[in-house]
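Before I ask anything, here is the structure I am working with.
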Amino acid sequence: MENPKQYYSIREAVLRCRVNESTLRYWEKEFDEIAPRRNKKGTRFYSEEDLRVIELIYQLVKVEGMTLEGARKALANKNAVTDQAAILSRLKHVRAELESLIGALDDYGRNGATTVNVCPDSSLVHVREKNRPK
């Protein structure tokens with residue numbers, strides 16, 4: 001198993017985090033949480049933690065539409081934001097699994113074995129054998 005890199009160049013950071021270099025440099029000035037190491041020539045080297053913070057800022061500002069001030073406040077309460085992101089990710093995964101299960105049940109029902117009713121308000125699935133009375 002390959003060890004992950006300890007530090008990433010600015011080029012690697014912008015590719016991974018989907019922001020351009022000027023935005024990244026600006027965010028460094030705006031957010032104390034982004035603190036890349038620099039060598040004697042001033043070249044930036046970002047740690048894995050720096051990249052996680054950049055990705056979180058990207059999510060807050062670019063995806064959720066927060067202002068920089070809002071993102072700054074959210075980062076002050078980073079654990080809550082991180083927990084919410086983890087919960088949201090897990091819920092999306094569960095939803096995808098449920099939709100897959102509903103699709104499989106629908107396919108199964110089309111083959112004549114059952115009737116599948118999905119209640120969109122509550123996301124409940126009711127399966128009834130065709131040969132059985134209600």
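The values are calculated or read from the model by the stated rules, or taken from the named source; none is laboratory data. None of the values given here were measured: they were computed from a predicted structure. Note: accessible area is taken over every heavy atom of the protein model, side chains too, but ligands, DNA and RNA are not part of it. Shrake-Rupley method; radii C 1.70, N 1.55, O 1.52, S 1.80 Å.
Whenever you get a sec, compute what percent of the accessible area on the stretch 26-100 sits on carbon and sulfur atoms (1.4 Å probe).
Details: 2700 of 5220 Å².
Reported share for carbon and sulfur atoms: 52 percent.
Reported to two decimal places, what Rg/Rh ratio describes the stretch 27-109 when computed on Cα atoms with Rh from the Kirkwood expression? Before the final figure, lay out each step's value.
On the way: Rg = 18.7 Å, Rh = 15.3 Å.
Taking Rh as the inverse mean 1/r over Cα pairs, Rg/Rh reads 1.22.
Largest first, what is the accessible-area ranking of Asp107, Asp32 with a 1.4 Å probe?
Working: Asp107 80, Asp32 135 Å².
Final ranking, largest accessible area leading: Asp32, Asp107.
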